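Below is one structure, written out as structure tokens, with a few remarks after it.
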Amino acid sequence: MTHGAHSILERVFGYTTFRGEQQTIIEHVAAGGDALVLMPTGSGKSLCYQIPALIRPGTAIVVSPLIALMHNQVSALREAGVAAEYLNSSLTLESARDTEQALRSGSLDLLYVAPERLMTPRFLDLLDHLRDTGRLALFAIDEAHCVSQWGHDFRPEYLQLSILPERYPAIPRIALTATADRQTREEIIQRLHLGRARCFVSSFDRPNIHYTIVEKNDPRRQLLNFIRGEIHTQFSRSAGIIYCLSRRKVEDTAEWLSKQGIAALPYHAGMPAEIRMAHQNRFLREDGLIMVATIAFGMGIDKPDVRFVAHLDMPRSIEGYYQETGRAGRDGLPARAWMAWGAGDVVQQRRMIDSADGDVGMDYETYRRLARNRLDALVGLAEATTCRRQRLLAYFGEEAPPCGHCDNCNEPPKTWDATLAARKALSCVYRTGQHYGAGHLIDVLRGERTEKVLDRGHEQLSTFGIGGDLDENHWRMVFRQLVAHEFVQVDHERYNALALTETARPLLRGEAAFTIRLPSETKRPPKRQRKSLPKEIPAGIPTTLFERLRVWRAETAQTRNVPAYVIFHDTTLRDIAITRPQTLDDLRQVTGVGERKLEAYGAELLRVVADSR
């Protein structure tokens, strides 16, 4: 069996060695065992069910949540010479019937299907036929975290997949996800009845991703500096994703970036379906496009050369942050994760938690408590003064040394013991009756005799003028942090008035300390330098050939009507540019060149290499 798996790895997919626990997982599932697989994005999860599907007799049924995801994976498998199809609502009635007939006849290796399609009586009858004729190879449940009611990718249809072990107990199941903390893992096991499955948990580390988190201070300008600085000076024609919380902000940001000369498209669930699909297809098939989107965009995106993911608004949890940033650098080459956050984000997320409807799968107070805990963990990551990666991995129960190349490792932040200032601020909130916003409170603290201060008689308070040693910016930073830590809460019904919480008592009494992370100094982006190639190509390697290979790939992909990366990943083109193969046997040694692709494209690739000499 080991030989068969390795032979398929080389012959079909063009790889010479397995990574991590791939081989163990493949052998376990191919032998008929159930498995829960947690692997970070870009680590080769798909091979863990695709190779067993080719080893075991019959057809593997792959449950996938999004049409785009099915299309991309099936296109890639077909290019590798694998008999793969999908069944979803994008097919005509005639095409769907042809696919069903191919399934019934046993001519498919893998069939991708949406969970709602799988649960129809018609499809279950087909599965019964395959089972009864010994041609049902396995079930693969991709994006298994969709069964968790915690995630923003929750799909109610996934809950119905618990029928599989009851109806097909002899058929192995493999559930896979790139994102699941301990609670989500337990929920997957419980809801999919995987209690006897072997659990494979790989490292969550994505060492190729550089993490940067900044406090909001004119976030559009900060984003533009990031794109024109870190991105455009290091990578050429860089694809990226920018996440925003609201649909309006998505559209405004995309329009603003376009006016700055940056190719950007909007994407959110409120857009007409045909426009969403057109934008998604452009993003997948063109180089250098940036997608500005809500979280409605992402899970179906298998584009390996996304060089950055940026957040203009804070996600709901570390799990969401990890999943969304994980869409960068799937090819293993250098990528960036950048986020701007502020106390307003935290307040907004808490309001969303508090206003959640009653259908949360548990009693409301439990939901509220756990959701707030998850948000607080993300706030802790944002405020961390130590290694970002170390803090991120600790959330998933993984120990790691400092990475040495996140923002905190590169430039350790300065901190300020703001305990005294915080106590003054809390006292002022209390003395003014907990009816005023930060602006008025700062005027009182700084001793400003404004009309409002005098009208309320607040110049008579003991807190009037006790904060004159700090400027307005410092006081706003103090109040932002007090809100973020829930020492004070915002009353939106009373014009953003601040009120004390129970958490504030120890700090107000001098029984607790309050340290603030100071914002890093604003830097101007370096002058934009046009480069012909990202820095992921080693120094000294001629880059002209790589660019010619990318042009050839783009033309070939357009002819084949598939995304460019379905033909070859950048990593494969890079290796060709470095090794300059002279023969088909030379080309066969390049990672990612399987037999089918060698046959289809080998001669053309050798011609491009020869023409570049």
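Legend: calculated FRET efficiency, residue 417 to residue 129, from the Cβ-Cβ distance at R0 = 51 Å, rounded to 0.05, equals 0.10.
Averaging over all projection directions, find the projected area of the Cα convex hull of region 209-411 and quote it in nm² with one decimal place.
The Cα convex hull of region 209-411, projected and averaged over all directions, gives 12.0 nm².
Could you state, as a whole-number percent, how many of the C-alpha pairs of region 544-611 are farther apart than 17 Å? The calculated P(r) of region 544-611 puts 31 percent of pairs beyond 17 Å. The local environment of residue 609, defined by Cβ-Cβ distances under 15 Å, has a net charge of +2 under the rule Lys, Arg +1 and Asp, Glu -1.
Structural descriptor for the chain: relative contact order 15 percent, calculated from alpha carbon pairs under 8 angstrom and at least 6 residues apart.
Label positions at residue 221 and residue 555, each projected 7 Å from the Cα along the C-beta direction, are separated by 4.6 nm. The alpha carbon centroids of region 48-62 and region 11-40 are separated by 11 Å.
Among 391, 574, 221, sorting on how many other beta-carbon atoms sit within 10 Å of each Cβ, with the fewest leading, yields 221, 391, 574.
With contacts taken as Cα pairs under 8 Å and at least 6 residues apart, region 416-517 reaches a relative contact order of 40 percent.
Each residue in 244, 146 was given a count of other beta-carbon atoms within 10 angstrom of its own, and listing them fewest first yields 244, 146.
What percent do you get for the relative contact order of region 22-140 when only Cα pairs under 8 Å and 6+ apart count?
33 percent
If we count every other residue with Cβ under 9 angstrom of residue 197's Cβ, Lys/Arg +1 and Asp/Glu -1, where does the sum land? Once all neighbours under 9 Å are counted, the net charge is +2.
Within the chain, DSSP assigns beta bridges of which about 15% are antiparallel (rounded to the nearest 5).
For region 122-250, the alpha-carbon radius of gyration amounts to 1.52 times the rule-of-thumb value 2.2 N^0.38 Å expected for a compact globular protein. Return, ordered by residue number, the residues of region 482-515 whose backbone nitrogen is under 17 Å from a label point located 7 Å along Cα→Cβ of residue 386. Inside the label zone: 515.
Among the listed values [x] 299; [y] 170; [z] 323, the one computed from these coordinates for volume of the Cα convex hull per residue in Å³ is [y]. Region 418-502 gives an Rg/Rh value of 0.93, both radii derived from C-alpha positions and Rh following Kirkwood. With unit charges on the beta carbon (Lys/Arg positive, Asp/Glu negative), name the residue among 284, 406, 77 whose Cα is farthest towards the positive pole of the charge dipole of the chain. Most positive-ward Cα: 406.
Assuming charge only on the beta carbon of Lys and Arg (+1) and of Asp and Glu (-1), the dipole of region 416-517 about its Cα centre is about 140 debye to the nearest 20. A simple count of charges around residue 266, restricted to other residues whose Cβ falls under 13 Å of its Cβ and scoring Lys, Arg +1 and Asp, Glu -1, yields +2. Extension gain, residue 471 to residue 582, is 33.2 nm, computed as 0.36 nm per intervening residue step minus the present C-alpha separation. This ranking places 303, 452 by how few other beta-carbon atoms lie within 10 Å of each, fewest first, which gives 452, 303.
Given R0 = 56 Å, the distance between the Cβ atoms of residue 509 and residue 119 translates into a calculated FRET efficiency of 0.45. Taking a ≥ b ≥ c as the square roots of the Cα gyration tensor eigenvalues, with a/c under 1.5 meaning rounded and otherwise prolate when a/b beats b/c, else oblate, which class fits region 2-201? The shape class here is rounded. With R₀ fixed at 51 Å, the C-beta to C-beta distance from residue 611 to residue 104 puts the FRET efficiency at about 0.60.
Every read-out reported here was derived from the displayed coordinates using simple, explicitly stated rules and does not represent laboratory data. Model, not experiment: these values are computed from the prediction. Positions of Cβ are backbone-derived with ideal geometry, glycine not excepted, and every protein chain shown enters the neighbour counts.
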